Amino acid sequence: MLLPPLGLATLAAHLRRLGVETKVFDGTFATFEGMRADLRAYRPDIVGLSTMVGLTRNTLRLAERVRADLPDCLIVAGGPLPTVFPARYTEHVDAVFRGEADVSFPRFCVDYIARAASPADLGELALDGYAGLFVQADGLHVDNPVVHHGERELASFPLPDRSDFDHAAYQREWQRASGCKVTSLLATLGCPHTCDFCSRPVFGDVVRHRDLDTVFAEIDQIRGLGYDSLWIADDTFTLDATYLEAFCRRIAGLSMTWSCLSRADGIDLPTMRLMKEAGCWRVYLGLESGSQATLDLMRKRITVEQGVRTTRLYREAGIEVAAFFIVGYPGETVASIEDTFRLALALPLDEISFNVPVPLPGSTLFERLGGPDEGRDWEQENEITFLYPSDIDEAWLRRRIEETMRAFAAKR
Ligand code: B12
């Protein structure tokens, strides 16, 4: 899924609103050396690196190059992984912003630039005034609490500024892969569920709805950039039926298709029909397992039957269903994994995917199992490789996944 990084677009909008000259360097289509040359030419006072699981190695490599090329530049990291492991980054960068940095990071930049400071002067700023700031340097130890911005505050925020992205390149890729031009949008923040494997580092469990006027102003902006389809990136977009229905009524008639994540509970057929009429063509359901015992281990708080029923209802409403499954959960058996393969083949699904559990920093699974070793560092994206000792034979699991995927393809 190629999507312009929304976190950077969000911060760019806030920075520009405060008058800070800002440029977003999107790594999606860049080469390492190209990015390095661009940064050298631009000569920024502050470089902010946005990073998450899977990007650590590249982030640290880039930080190292920036340090070498621009020794007076302050290097800051933020995003999901630095939020959970700030100290890992402060070995390589000057400061980390944890959590929602919309207000605190831009204010920090204004103050830093106003003092014409250099990284060595960091201690001269009133560092305890910036939410989520984490600094660990000679004599400096700052670890400020994170914030979750309230709904009224969110409504006053500028729209993400997508002007620095290469939209033609994104749209070309999407057009080729799916026939439409898709980009992401975030309408609600946070998730109230407590699934064992999930990490909600930035938005946490405080659910907030963005004001729909703002969301639709953003949709206008997105349409103006030539996109015709949205991937709604919310953790639980279908959680609140009233908000969802209001969204559907407003997007209907805009000739915009969309897809989103949903859950196996809390949604009924009339709402699904409304979603369909409003352009929703596909939902992604974390069905996770065909075994109730495994769902309980995952603290998923759904039943297998709810998953079956919701899949059927979405299909009845004319919406495609893609399902995610996790196989080889700590504590599960070969028999329960087979239940999952059986369920995936029995349901009227349009797409399936199987993953082994990855102990994501910030999840209770991670706390229980401990982190994968540093050398591997979650680089095994989308591979069937256990990052911790498991009784399940990887070669067997890989074979069974391949067989199930083949059987699924043959059935369609
Ligand atoms: C969209 C998305 C993707 C897109 C990313 C596209 C892109 N270019 O952005 C795609 C589909 C590619 C993707 C892939 C993956 N993702 Co993802 N993704 C998301 C999702 C749904 C939304 C992200 C988003 O747009 N947020 C909106 C913006 C506004 O928020 P933000 O980026 O966090 O930015 C804010 C702060 O973090 C901070 N900030 C961010 N950057 C910076 C930089 C600086 C300098 C500062 C100061 C602050 C700062 O300020 C911003 C404003 O408040 C999140 C879930 C979520 N709710 O966040 C998961 C999430 C980030 N992904 C996650 C994971 C695990 C993955 C994968 C590993 C999944 C997989 N197995 O394949 C891969 C990894 C890909 C890779 N890194 O190579 C996890 C990360 C967990 C963690 N602890 O890091 C999350 C939290 C979902 C989850 N619970 O599992 N993902």
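A few notes on this one:
- Region 131-147 - phi-based ³J(HN,Hα) in whole Hz, Karplus 6.51/-1.76/1.60, Gly and Pro as x: 4, x, 5, 10, 10, 9, 9, 3, x, 10, 9, 10, 8, 7, x, 7, 10
- Translational diffusion of region 78-163, µm² s⁻¹ [Kirkwood Rh, Cα pairs; Stokes-Einstein; 37 °C; 0.692 mPa s]: 239
- P(r) tail fraction, region 24-71 - alpha-carbon pairs more than 14 Å apart, %: 48
- Rounded, prolate or oblate (a/c below 1.5 giving rounded, otherwise prolate when a/b exceeds b/c) for region 124-170 by Cα gyration tensor: oblate
- From the alpha carbon centroid of region 1-35 to that of region 86-116 is 16 Å.
- Accessible heavy-atom area order of SER156, SER199, highest first, probe of 1.4 Å: SER156, SER199
- The distance linking region 301-316 with region 189-210 is 22 Å (Cα centroid to Cα centroid, whole angstrom).
- Note that the chain presents 45 Å² accessible area per residue, ligands and nucleic acids not counted, probe 1.4 Å.
- Percent carbon-and-sulfur accessible area, the chain, ignoring ligands, DNA and RNA, probe 1.4 Å: 52
- Accessible surface of TYR284, taken over heavy atoms with a 1.4 Å probe and every protein chain present, rounds to 30 Å².
- Note on the chain: Kirkwood radius taken over Cα pairs, Stokes-Einstein applied at 37 °C and 0.692 mPa s, translational D equal to 143 µm² s⁻¹.
- Global form of region 256-412, assessed from the alpha-carbon gyration tensor, a/c cut-off 1.5: prolate
- A cut-off under 14 angstrom between Cβ atoms defines the neighbours of VAL96, and their net charge, with Lys, Arg +1 and Asp, Glu -1, is -2.
- For the chain, the cysteines with no partner cysteine C-beta closer than 4.7 Å are CYS73, CYS109, CYS180, CYS191, CYS248, CYS260, CYS280.
- Taking Cβ atoms as reference points and 12 Å as the exclusive limit, the residues near ASP265 contribute a net charge of +2, counting Lys and Arg as +1 and Asp and Glu as -1.
- Tilt relative to the chain, helix 394-411 - C-alpha long axis, 0 to 90 degrees, to 10: 60
- Area of THR242 that stays accessible when all protein chains are in place (1.4 Å probe, Å², to 10): 100
- Residue-level accessible surface for THR56, protein heavy atoms, 1.4 Å, Å²: 10
- Summing charges over all other residues whose Cβ lies under 11 Å from the Cβ of PRO348, with Lys and Arg as +1 and Asp and Glu as -1, gives +1.
- Bridgeable lysines around LYS23 (alpha carbons under 25 Å apart, same-chain partners fewer than 8 residues away excluded): LYS181.
The values are calculated or read from the model by the stated rules, or taken from the named source; none is laboratory data. What you see is a predicted model; the values in this text were computed from it and never measured. Because the Cβ atoms are built from the backbone with ideal geometry, glycine has one as well, and the counts that use them run over all protein chains shown. Ligands, DNA and RNA are stripped out before the accessible areas are found, and what is left, the full protein with its side chains, is counted by its heavy atoms. Shrake-Rupley method; radii C 1.70, N 1.55, O 1.52, S 1.80 Å.
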